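A.B. asks: Quick one: the structure is below, and I'll ask about it shortly.
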């Protein structure tokens with residue numbers, strides 16, 4: 001699970017540094033204020049719209065690939081056979097047309 005694109009080890013490092021710098025009393029106050037800020041931010045309509053747009057942009061390349069069906073496996077053997085042995089074209093030649101006209 002990631003939070004703000006941070007892994008668990010990075011979050012633990014940040015919390016440890018905050019505990020050392022702020023101390024036990026001020027870190028509780030800061031934690032409460034930070035939680036209230038995150039709650040207020042998550043209820044904001046503009047923030048939700050930004051998150052939704054970012055998700056759409058992140059998934060857009062996958063959507064394009066799915067629509068183009070480029071993620072389907074390529075049949076290399078079948079493609080190679082069709083390249084080595086192309087279908088013969090049928091050409092209708094009328095009688096008398098096989099002579100070269102000058």
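A.B. asks: Does anything in segment 23-50 have its amide N under 18 Å from the 7 Å Cα→Cβ label point of residue 59, and if so which residues?
C.D. replies: Residues passing the 18 Å test: 48-50.
A.B. asks: Over 14 Å, how big is the tail of the calculated P(r) for segment 1-43, in percent of all Cα pairs?
C.D. replies: 59
Computed from the coordinates by the stated procedures, all read-outs in this text should not be read as laboratory data. As the structure is a computational prediction, the values presented were derived from the model and not from experiment. Cβ coordinates were reconstructed from backbone atoms using ideal geometry, including for glycine residues, and neighbour counts include every protein chain displayed.
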